[in-house]
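The values are calculated or read from the model by the stated rules, or taken from the named source; none is laboratory data. Source: prediction; values computed, not measured. Every residue, glycine as well, gets a Cβ built from its backbone with ideal geometry; the counts of neighbours run over all protein chains shown. SASA here: full protein model, heavy atoms, side chains in, ligands and nucleic acids out. Shrake-Rupley method; radii C 1.70, N 1.55, O 1.52, S 1.80 Å.
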Amino acid sequence: EHFWACLSSLGIEDVLQENVVRWYFAAAMAVNRHSEVVPLIESHLRTHVAPELRAQYAASSPSRDFLAETTRAVSVLETPITLRHHAFALSLAGRHDESSRVLNRALRLANLLGNDQLVVALATDMCIALQRVGAYRDSLWWGEWAFSEYSRRDLNEGYRKVTAIAALAFSKLLVGDEVGLAEMIGEIEISAGLAGVHRPDTARFPGG
């Protein structure tokens, strides 16, 4: 909420800078305010390539053009962000082997760049992707690795921790491994505020 408030206080020219606009959209998604910014984002994408924003926006509301949009984004710029969303699009299209290879490439790149949060996020994605195709043992390995890396890299992001634990717990259930499962699930703390929807009269827009 604080990050969203800070970005929303910026003028429109500042918001639409290449290194700001994707975060603006991501923050809006995180606080359930994305409907307020969609017209601005769509207008920006009509005149800018913006590969990371394009891939993220396509993933926020997958359509028949989802794979085409992420393919376009990746062809312009391969980053952990564009590759991650492209992997999601490939998975939805039923191209699971390709999706796994793209996720692996994204994870290696994130690790090379020192982006610890994305490393854990992508490992969690891999865990979930393998659940989807019935590779439960492999899924469990990735889930355990993602959770151990969250601790080893000393991250402090509640949402990332909850996601990693939930993916790992489900993998454990799928293989019938109940050891430590109750304690693991007990670590998941859900804030009621995260589920809240803003009141229209509190809406903020760029520039005030």
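A few comments on the model shown:
- Across region 72-99, the number of residues qualifying as open to solvent by 60 Å² or more (accessible area, probe 1.4 Å) and not in a helix (DSSP H, G or I) comes to 3.
- Selection within region 106-116 - in contact (Cβ under 8 Å) with a residue 12 or more places away in the chain and surrounded by fewer than 16 Cβ atoms within 10 Å (Cβ to Cβ): L113
- Long-range neighbours under 6 Å by Cβ, at least six apart or interchain, first residue touching a residue at least 12 places away in the same chain (Cβ under 8 Å) within region 62-74, second β-branched (V, I, T): A73/T82; V74/T82
- Taken over region 129-165, the criterion of being exposed (fewer than 14 other Cβ atoms within 10 Å of the Cβ), within 18 Å of the chain's Cα centre (by Cα) and assigned to a helix (DSSP H, G or I) is satisfied by R132, G158, Y159.
- Pairs linking a residue in region 25-40 that is more than 19 Å from I81 (Cβ to Cβ) and in contact (Cβ under 8 Å) with a residue 24 or more places away in the chain to a residue that is among the aromatic types (F, W, Y) and open to solvent by 40 Å² or more (accessible area, probe 1.4 Å), with Cβ atoms under 8 Å and 6 or more positions apart or on different chains, are E36/F205.
- Only a single criterion out of (1) under 17 Å from the mean Cα position of the chain (by Cα); (2) open to solvent by less than 40 Å² (accessible area, probe 1.4 Å); (3) of a type in the set (A, V, I, L, M) is not satisfied by V175, namely (1).
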